[in-house]
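Heads up: the structure comes next, in structure tokens.
The values are calculated or read from the model by the stated rules, or taken from the named source; none is laboratory data. This one's a predicted model, so the numbers in the text were calculated from it and none came from an experiment. All Cβ positions, even for glycine, are placed from backbone atoms using ideal geometry, and neighbour counts span all protein chains on display. Just the protein is used for accessible areas: all its heavy atoms, side chains included, with ligands, DNA and RNA removed. Shrake-Rupley method; radii C 1.70, N 1.55, O 1.52, S 1.80 Å.
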Amino acid sequence: MLDRVALSVNPRRAILVLSLAASAFIAPAVPACHLVEGELILAYEITSPLVAHLGPALSLRIDRHGCAEVRRFALSAHPGATRLKLDKSELAMLRAELSSIPDDFDPRAAKRALRDIDRERSEGFAVLDAPIRRFHLARDGRQPLSFVWPNLEQDLLNHGEEPELRLMAHLRDRLEALARRVEELRP
């Protein structure tokens, strides 16, 4: 019979346990979350007309519990989905920004007015393959605001002084920065 030492350890198992323990300290502490589809406060998509058949190039969705999901399509540098739980202060700030959108903000009327102005102009900038942006903003105590803005870049170049467009540019910049932050913190 073989004599065994009571404290002997399988070297392979010891290496596995030590590597798992070390990876726990190296991995960033990002809380996992589960996106609740029925409780979205924000949905934002960018679709490129040239590859629209592949779906949205970028999709950002955030639920009322602070779970943020970013999806990139197959041709992006980092395809797939990334989720991150927003901290309470950032979620509160985002909800406050959504609630600060004026009640009389009507993107459809603003687009019609801009198109009427564009017809009268003899010059302007055109962006042929401008991304199409879809917004769904659920504001506290008010009706959700859902709209599509197909050529925000062109409108900003032609009419950047309009308050509706400045609001749209701020929303675009804020949401795309938030999407980049979620992706940077990917585990």
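Details
- As a size descriptor, the averaged projected area of the C-alpha convex hull of region 71-123 was calculated at 7.4 nm².
- Burial order of peptide ranges 35-42, 139-146 (average beta-carbon count within 10 Å, highest first): 35-42, 139-146
- Area of Phe73 that stays accessible when all protein chains are in place (1.4 Å probe, Å², to 10): 30 Å²
- Overall Cα dimensions of region 49-187, principal axis frame, Å, largest first: 51, 38, 21
- Largest accessible area first, the residues His159, His53 order themselves as His53, His159 under a 1.4 Å probe with ligands, DNA and RNA left out.
- Ordered from largest to smallest accessible area (heavy atoms of protein chains, 1.4 Å probe), the residues Val148, Val51 come out as Val148, Val51.
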